[in-house]
Amino acid sequence: LLALLLDLVLVAVVKGLVRRPRPTHNKMDMFVTLSVDKYSFPSGHATRAALVCRFVLHHLVLAVPLRVLVVLWALIVSISRVMLGRHNVTDVLFGLLLGYALYSVVEYCWLSPLSAPALFALW
């Protein structure tokens, strides 16, 4: 949950900084959106798909066919953003990389139940 919240904030910040407009054929069908959601780079769907995919693959014991399905799900979500005309290919590729990296950062910083008491014992 923390990683997903961080993802929402990080994607909004990057969209606000980069301000890359969505593909031109997508201008007329934008419904009521938040100010940063009118921008294209990076794809929030792709970041969250990569993040959830890594979480599932890291924390669940799955048979190989199910692991392949999880990866395919993340790729299909990402490809659909381009096919629907909501993002450019580079938006989606950077989103996948950002989600992958964000999971790595959260996993590295996360305190496990075994390591947390040792940290508090130092104080």
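The values are calculated or read from the model by the stated rules, or taken from the named source; none is laboratory data. In this text the structure is predicted, and so the values were computed from the model without any measurement. Note: ideal-geometry Cβ built from the backbone for every residue, glycine included; neighbour counts use all protein chains shown.
Only one of the listed residues (Val32, Val36) is at pLDDT below 90, over 15 Å from Val11 (Cα atoms) and of a type in the set (A, V, I, L, M, F, W, C). That residue is Val32. State yes or no: is Leu8 modelled with pLDDT under 85 and closer than 29 Å to Tyr108 by Cβ? Against the criterion (modelled with pLDDT under 85 and closer than 29 Å to Tyr108 by Cβ), Leu8 qualifies.
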